[in-house]
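Quick notes on the structure that follows.
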Amino acid sequence: MLKKSLILAALFASACASKSPLKNDKQHFYTRISDSGLKHFELRNMRKKNQPPQTPRSNRKTSRSTDPAQVYEYAKKRMENQAKAVIEENNYCRDGFWIIEFERDIEGLYMRGECYDTASTEDRKKFPDTISNW
């Protein structure tokens with residue numbers, strides 16, 4: 001319940017995000033290709049630098065007016081659609097992907113996923129490992 005309230009706060013903070021995820025400097029797409037060829041990614045919606053992290057107490061009025069489970073699912077689906085748009089543009093996952101994790105941390109919302117397809121030689125050249133902790 002606490003986690004869902006935190007995601008709600010981040011959702012409202014990112015509501016003004018650009019429709020083109022690759023052109024938004026508040027959104028980052030990181031990649032990692034394992035030795036066996038598994039392709040992982042992380043999409044991050046960063047909170048504004050001058051905005052303090054939201055707490056359930058600071059967002060109490062909003063969280064009471066909306067079902068946290070619905071807000072969580074809405075935020076997850078919204079971010080999944082953003083990931084699809086980014087991946088369609090950069091062609092990282094050719095056969096789609098599955099979501100491993102959707103969470104919020106001090107930097108903002110993030111989603112981690114894995115492609116259904118494995119990496120080609122060209123993928124390894126085009127997409128360097130930019131995820132430091134997996």
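Each residue in the range 106-122 was checked for being open to solvent by 20 Å² or more (accessible area, probe 1.4 Å), in contact with a Lys or Arg (Cβ under 9 Å, 6 or more places away or on another chain) and more than 15 Å from G37 (Cβ to Cβ), and 3 pass. Would you check if K125 is within 16 Å of the chain's Cα centre (by Cα), loosely packed, with under 14 Cβ neighbours inside 10 Å and assigned to a helix (DSSP H, G or I)? When the stated conditions are applied, K125 does not pass them. Candidates in the range 57-101 are the residues that are polar (S, T, N, Q), at pLDDT 95 or above and assigned to a helix (DSSP H, G or I); of these, the one that is surrounded by the fewest Cβ atoms within 10 Å (Cβ to Cβ) is N81.
Check the range 111-118 and report whether any residue there is modelled with pLDDT under 95 and not in a loop (DSSP other than H, G, I, E, B).
Our first condition is that a residue be modelled with pLDDT under 95; within the range 111-118, this holds for none.
Checking the range 111-118: not a single residue is modelled with pLDDT under 95 and not in a loop (DSSP other than H, G, I, E, B).
The values are calculated or read from the model by the stated rules, or taken from the named source; none is laboratory data. Treat the numbers as computed from the prediction; the structure is a model and nothing was measured. Ideal geometry is used to build each Cβ from the backbone, glycine not excepted, and the neighbour counts take in all protein chains shown. Areas reflect the complete protein model, heavy atoms only, side chains present, ligands, DNA and RNA absent. Shrake-Rupley method; radii C 1.70, N 1.55, O 1.52, S 1.80 Å.
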